[in-house]
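First comes the structure, then the notes that go with it.
The values are calculated or read from the model by the stated rules, or taken from the named source; none is laboratory data. What you see is a predicted model; the values in this text were computed from it and never measured. Cβ sites come from the backbone with ideal geometry, for glycine too, and all protein chains shown count toward neighbours. Calculation scope for accessible area: heavy atoms of the full protein, side chains included, ligands and nucleic acids excluded. Shrake-Rupley method; radii C 1.70, N 1.55, O 1.52, S 1.80 Å.
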Amino acid sequence: AVQVVIRDITERKQAEAAIIAREQQLRLVMDTVPALMSYVDTEFRYRRVNEEYERWFGMAAQDFEGRHVRDVLGEEAWQTVHPRLEQALSGETVDYEEQIHYRTGGPRWVHTTLVPDRDDSGRVRGFVGLVADITERKAAEEALREQTERYRLVVEGAHAAIWDWDVPNRRVFFSPQWKAMRGFAED
């Protein structure tokens, strides 16, 4: 006697297709972000990274999965970011700028945002990390600061009465020498 069992697996196949489609959409969104994006669990292990992570660290996305953050970033970077990661795992959203000395690629200024991920009961089960390289911006800010300081030294050293009119913002700057020559108080 032959017994034949037939099961309709249409719903299961539709559910599997829906999961695959959502996975592809999530990958597209993550890879479109022009910054490092990751999901890290409560044991500081990567569960997902985007293409920018792959570029920065020269590893395939699947090589990150399950690896400890310390192993990827390096010990010096780990010591810097570990307290911030702990804050995220305690349930706090963390946002900061800092120069980080990575194991590969050297020091970089980054703007980092860490957002806790909570389950239905409110328990933190990991966090999403978003890291933008702001090294060029920081270099530009430092160059501007140095240029401003040189200008200040020139103005002070010249003992000249100088004024500057910022027309779009409707502000006028008067050097201390100008104020002194005209008999105005510093303030």
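Some observations on this one:
- In the set (1) assigned to a helix (DSSP H, G or I); (2) open to solvent by 30 Å² or more (accessible area, probe 1.4 Å), the condition left unmet by residue 77 is number (2).
- Summed over the range 24-61, the residues that are without any contact (Cβ under 8 Å) to a residue 40 or more places away in the chain and either part of a loop (DSSP other than H, G, I, E, B) or over 17 Å from the mean Cα position of the chain (by Cα) (or both) give a count of 11.
- Restricting attention to the range 28-53, the residues that are farther than 15 Å from residue 129 by Cα and open to solvent by less than 70 Å² (accessible area, probe 1.4 Å) add up to 0.
- Selection count, the range 83-109, where residues are under 15 Å from the mean Cα position of the chain (by Cα), over 12 Å from residue 129 (Cα atoms) and either exposed (fewer than 15 other Cβ atoms within 10 Å of the Cβ) or not aromatic (Phe, Trp, Tyr) (or both): 7
- Strands (runs of 3 or more DSSP E) enclosed by the range 115-187 - at least 2 residues per element that are open to solvent by less than 60 Å² (accessible area, probe 1.4 Å) and at positive phi: none
- Unmet requirement for residue 108, which otherwise passes all of (1) assigned to a strand (DSSP E or B); (2) at pLDDT below 90; (3) not polar (S, T, N, Q): (2)
- Taking first residues from the range 62-84 that are in contact (Cβ under 8 Å) with a residue 40 or more places away in the chain and of a type in the set (Lys, Arg) and partners that are in a helix (DSSP H, G or I) and surrounded by fewer than 16 Cβ atoms within 10 Å (Cβ to Cβ), no Cβ contact under 8 Å between residues at least 6 apart in sequence or on separate chains turns up.
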